[in-house]
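Asker: Here it is, the structure, as structure tokens.
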Amino acid sequence: MRQPLRGDPLAYLHGPGKIIPGVETALEGKVEGDTLQVSIEPEQGYGVRDERLVQVVPRSAFKGVESIEPGMRFQAQGPEGSRSVVVTEVATDVVTIDANHPLAGVTLHFDVEVSGIREATEEELAHGHVHGPGGHHH
Ligand code: ZN
């Protein structure tokens, strides 16, 4: 699956693991103007799919929802707090939901261009994120 999105440049702090690890590894030692294509295996990206996160629940669990369609997302309350689930199948009495991350099990492809590199300021290092263009504004 290609990610066709071409967004604004993303400024990130190299080092503390703020972006997908595989992308960061590929950017190691790169200089301004370098372009690279990076493929990230699921293990390095959003993880592999866990079929235990696919559950069949009674339709009555969706109180107040009149029509349930595959592809709808809900916040489900579980023992570990709320997590996002997607409806994958709807039968008369039961609904199949999948709590895997949408990109779990997916190999990601990135076309990366290094548009600039600069030293992080002490304040940025303290905050753990970038300030200014492409970063935080606060
Ligand atoms: Zn900050």
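Asker: Dividing the Cα radius of gyration by the Kirkwood radius, what Rg/Rh value follows for segment 11-67? Display every interim value, and only then the final one.
Answerer: Numbers: Rg = 19.6 Å, Rh = 15.2 Å.
On the Cα set of segment 11-67, Rg over Rh gives 1.28.
Asker: Report the relative contact order of segment 15-121, percent, no decimals, based on alpha-carbon pairs under 8 angstrom and at least 6 residues apart.
Answerer: Numbers: 159 pairs, mean separation 41.0, N = 107.
Computed value for segment 15-121: 38 percent relative contact order.
Asker: While we're on this one: Regarding the chain, what are the three Cα extents along the principal axes, ordered largest first, in Å?
Answerer: 58, 33, 24
Asker: Let me ask something additional. For segment 74-135, what percent of Cα pairs sit more than 13 Å apart?
Answerer: Numbers: 1474 of 1891 pairs.
Summing the P(r) of segment 74-135 above 13 Å gives 78 percent of all pairs.
Asker: Suppose R0 equals 22 Å. What FRET efficiency, 1/(1 + (r/R0)^6) with r the Cβ-Cβ distance, do Val54 and Phe110 give to the nearest 0.05? Write out the running numbers ahead of the final one.
Answerer: On the way: r = 28 Å, r/R0 = 1.27.
The computed FRET efficiency comes out at 0.20.
Asker: On to the next question. Run the simple label-point estimate for Lys30 and Val90 please: 7 Å along Cα→C-beta, distance reported in nm.
Answerer: 4.2 nm
Taken together, the values in this text are just the output of simple stated rules run on the coordinates, not laboratory data. No experiment lies behind these values; they were computed from the predicted model shown. No Cβ is skipped: glycine too gets one built from the backbone with ideal geometry, and neighbour counts run over all protein chains shown.
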